[in-house]
Amino acid sequence: MARILVADDEEGVRSFIAEALEVEGHAVTTAADGEEAARLLSKQGVDLLVTDLRMPGMDGLTLLRKVREEQPDVEVIVLTAVGSVESAVSAMKAGAFEYLLKPVGSPAELRLTVARALERRALLNLKTEARQSTSEVVLSWGAPTMGPVVEALRKVAPTQATVLLVGESGTGKEVAARALHQWSERSEGPFIAVNCAALTETLLESELFGHEKGAFTGAVAQRRGRIELAQGGTFFLDEVGELKAELQAKLLRVLQERRFERVGGTRTLEADVRWVAATNRDLKTMMAHGEFREDLYHRLAVFPIRLPSLRERREDLRPLAELLLRRIGEELGRPGLKLSPEASERLESFSWPGNVRELRNALERAAILADGAVVESRHLWLDPTSAPTSTPTPAMGARLPDKTLEELERMAIEQAIADEGGNRKRAAQRLGIGLRTLYDKLRRYGMQ
């Protein structure tokens, strides 16, 4: 939950607020005056400040202005006595989210105000993240196979048409979705992404639609879902082929009616979002096997676009690798990392079955192995299942192990999980399947 700092010179008020918010799972720190609060703020980050306006020494208004200047992303709620509403108005003008009259009416009133403040902070952060992440979107550096893709994205972006992005795992479907958002009329709104394979069915439903207090065990407060948070923006539904039948039906209703209810709720809410979905699975084959609803497919595939694999866009590989390596260098605190000509040639000769995701992983490993500013060919570990040395590949026509297809699949799953240190999400990405599909196979083979 959130990190909250409470500043008030009355110990009883501090305790009351702390207890009321800790019940919701928030991490609450208290300060007896403005100076102590300022010291704590300089040492630790918080999401929300709840401060009394009248305190000895540094008062709440001075503290508020200091926070606005030094940590503008922190939301502030001010507490004021009944006779000091004028001071509260001044605090609102200085950037406070809301004010509450002392004594606070009830824990419920406090929690509701805090929840609203934290929701606004989350929305602002999402909007900022969307702008930053799409400000330098580059989809291609001239690969002929990407020309029609970029043109199609440009043409459909200004419309409200639902777009379905298909392609192998790691081909950059989320990057394409962010480009759609950036080029659309909703670019100033939030870009919200949900990975359908990363959550259980119950959690995914709550994540999509939100829930009301008491809707299920652990639902101690109302929570807005991702669709609701995406109002006025773009909603990206990644790995949509992993949705189970019940959620497919609920998603279809939202797409058809543009309305939904929170889990456990009765109030109907509008879904004012632009829908973009993505999958690396063959939805038509799934439809033929009864695993994916045909009516949902046609709702999603209003404008389907296929993202080519990295091996189909060789012209993009070198500049893409250079861009990724620059970003990796910045993340590692080693800006200016470059590829040697030999390393670039080796990258271009590899098939990249895992596409851009595999390329980034290879570059990150190489950056860690490299001592200087230049990544050499010897640093590239393109076969992560073995040591970083050249390993001969089986000759064409070589006989496969005398195993059944199921045994080979089980071996591949065991190897992928072992290679990823037990991380099943990364193992699924390595295998090119969704996380939910991996769990289904683990159950089938008794490997859980």
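The values are calculated or read from the model by the stated rules, or taken from the named source; none is laboratory data. Model, not experiment: these values are computed from the prediction. With ideal geometry, Cβ positions are generated from the backbone for all residues, glycine too; neighbour counts draw on all protein chains shown. The protein model used for the area step is the full one, side chains on, heavy atoms only, and it has no ligands, DNA or RNA in it. Shrake-Rupley method; radii C 1.70, N 1.55, O 1.52, S 1.80 Å.
Overview of results
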| quantity | calculated |
| --- | --- |
| Subset of the range 46-72 [open to solvent by less than 50 Å² (accessible area, probe 1.4 Å) and more than 22 Å from residue 111 (Cβ to Cβ)] | 55, 58, 61, 63, 71 |
| Total residues in the range 297-308, condition closer than 23 Å to residue 436 by Cα, of a type outside the set (A, V, I, L, M, F, W, C) and open to solvent by less than 50 Å² (accessible area, probe 1.4 Å) | 1 |
| Tabulated pairs, the range 330-358, first surrounded by fewer than 17 Cβ atoms within 10 Å (Cβ to Cβ), second of a type in the set (Asp, Glu) and in a loop (DSSP other than H, G, I, E, B), C-beta under 6 angstrom, 6+ apart or interchain | 340/376 |
| Selection status of residue 48, free of Cβ contacts under 8 Å to residues at least 40 places away in the same chain, in contact with a strand residue (DSSP E or B) (Cβ under 6 Å, 6 or more places away or on another chain) and within 19 Å of residue 93 (Cα to Cα) | no |
| Single match in 122, 94, 20, 117 (criterion: free of Cβ contacts under 8 Å to residues at least 40 places away in the same chain and either under 30 Å from residue 212 (Cα atoms) or not charged (D, E, K, R) (or both)) | 94 |
| Only one of 189, 214, 170 that is among the small types (Gly, Ala, Ser) and surrounded by fewer than 20 Cβ atoms within 10 Å (Cβ to Cβ) | 214 |
| Tally of residues being closer than 13 Å to residue 339 by Cβ, crowded, with 18+ Cβ neighbours inside 10 Å and not β-branched (Val, Ile, Thr) across the range 359-384 | 8 |
| Members of the range 270-297 found to be over 22 Å from the mean Cα position of the chain (by Cα) and within 22 Å of residue 209 (Cβ to Cβ), listed by number | 270, 292, 293, 295, 296, 297 |
| Those residues of the range 387-428 which are assigned to a helix (DSSP H, G or I), at pLDDT 75 or above and either among the hydrophobic types (A, V, I, L, M, F, W, C) or within 22 Å of residue 238 (Cα to Cα) (or both), in sequence order | 411, 412, 413, 416, 417, 418, 424, 425, 426, 427, 428 |
| Helices (runs of 4 or more DSSP H) contained in the range 223-296 and holding at least 3 residues touching a residue at least 40 places away in the same chain (Cβ under 8 Å) and open to solvent by 10 Å² or more (accessible area, probe 1.4 Å) | 245-257 |
